[in-house]
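Structure, as structure tokens:
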Amino acid sequence: AVNAAKVSGKGQVKVFSPGLLHSESSLDSFEHQLSQAASRGELVVHYQPIVSLTDLHCTGAEALVRWQHPERGLLFPGDFVALAESSNTILTMGAFVLRQACADAATWPKARRGVPLTVEVNVSARELENEHFVDSVLMSLKDSGLSPTCLVLELTESVVLESGAAMDRLETLAAHGIRIALDDFGTGYSSLVALRSLPISVVKLDASFVAGALRNPVDYIVVESTVHMSTKLGIKTIAEGVETPDQQQLLAQMGADAAQGYLYCRGLPVEQFLEWLETQSAS
Ligand code: C2E
Ligand code: MG
Ligand code: MG
Ligand code: MG
């Protein structure tokens, strides 16, 4: 529902809804197309910059998958990721995004003061439950030459606490120097347990709290407390969905480390992301 209408690369609005889907074709065939999307070269990875709230310089980017559908145009994750997650299609898709993100990030220039940019990749529960996940991550790093310290894996809280094997995989990845981020922090029922039981290095404050922080006291207090708690735990905080200078100022004042949102930039194809980086370092 959130992604009911999206602006495509050419600036046209592509309307996509489950209703439309049913009238045009069966769900089966959409699902089949999705299962073929990676091998047909229809998946694209866009990058959304993450900036330091200390100096507003880019520190890295989040990899966000898009599907260049042959008839429907550019589709966003809200249109297809849940469906991919309902089958093993998410494994193919996830592996593609991971390989592409590592390959792209390995070529990125260093940020200010010579610090390498990081790339953040979203990981679904089903991927973490798969026994080949660790190998797949390590192979993506090896083949691309990207340093493990440049890779951040983003998990949502609900993903995580299902099985001991999944938790062991996270420990193994963390031992290799890969960082783990808790995505959409505050929206899951198990945020605090996850902090206790997993090797979390980064907390991504959910956009809904960022949006609410200047409007209502509960959101304000949740954001402020999360930042304080994370700081004390040595965990980095990234605020998601920062859209206004007021939000940026509040987050910086509260001590959040970094921000991501339309105030800075949307997710962009890799060439445009690199152009954006250049304009940033020029200014
Ligand atoms: P997420 O990981 O929380 O990613 C942030 C989402 O917020 C992205 O939506 C991004 O475009 C959007 N966003 C960024 N800044 C702003 C802002 O200032 N305002 C608003 N309103 N939105 C903003 P997107 O790209 O549609 O992705 C949606 C979700 O799909 C992601 O949420 C993530 O959970 C999932 N996703 C994306 N790529 C992948 C992937 O490769 N694998 C998996 N498993 N999930 C993915
Ligand atoms: Mg994410
Ligand atoms: Mg998020
Ligand atoms: Mg989110």
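The values are calculated or read from the model by the stated rules, or taken from the named source; none is laboratory data. What you see is a predicted model, and the numbers here were worked out from it, not measured in a lab. Neighbour counts run over all protein chains shown; Cβ positions are idealised from the backbone, glycine included. Please note that ligands, DNA and RNA were not included when accessible areas were found on the heavy atoms of the full protein model with its side chains. Shrake-Rupley method; radii C 1.70, N 1.55, O 1.52, S 1.80 Å.
General remarks:
- nm² value of the averaged projected area, convex hull over the Cα atoms of the range 52-166: 8.8 nm²
- When the helices of the chain are scored as -39500 (n - 2.57) per DSSP H run of n ≥ 4 and the total is divided over every residue, the value at 222 nm lands at -13500 deg cm²/dmol.
- Accessible area of the chain belonging to carbon and sulfur atoms, whole % at 1.4 Å probe: 54 percent
- In plain terms, the C-alpha convex hull of the chain casts an average shadow of 15.0 nm² when viewed from every direction.
- Only aspartates and glutamates eight or more places from Lys232 in sequence, or on another chain, were considered; those with a Cα closer than 16 Å are Glu224, Asp257.
- Length added when fully stretched, Thr187-Thr107, from 0.36 nm per residue minus Cα-Cα: 25.4 nm
- When the range 235-283 is described by a simple charge dipole with +1 on each Lys and Arg Cβ and -1 on each Asp and Glu Cβ, the residue from Met254, Ala239, Phe273 located farthest towards its positive end is Met254.
- When the range 81-207 is described by a simple charge dipole with +1 on each Lys and Arg Cβ and -1 on each Asp and Glu Cβ, the residue from Thr172, Gly114, Val97 located farthest towards its positive end is Gly114.
- GluC sites (Glu not before Pro) restricted to the range 119-200 and DSSP loop, no more than 11 other C-beta within 10 Å: Glu131
- C-alpha center-to-center spacing [the range 129-156, the range 185-226] in angstrom: 25 Å
- Label-point separation, Thr244 to Val115 (7 Å along Cα→Cβ), nm: 2.8 nm
- Taking only the C-alpha atoms of the range 98-232, the Rg (one decimal) and the largest Cα-Cα distance, Dmax (whole number), read 15.9, 48 Å.
- Principal axes of the range 49-91: Cα extent on each, largest first, Å: 41, 23, 14
- Zone residues, the range 56-71, relative to Glu42, backbone N less than 18 Å from point 7 Å out along Cα-to-Cβ: 65-71
- Here, the range 211-283 is characterised by an Rg to Rh ratio of 1.05, where Rg is the alpha-carbon radius of gyration and Rh the Kirkwood radius.
- Å² per residue, accessible surface of the chain at 1.4 Å: 47 Å²
- DSSP bridge orientation in the chain - percent antiparallel, rounded to nearest 5: 45 percent
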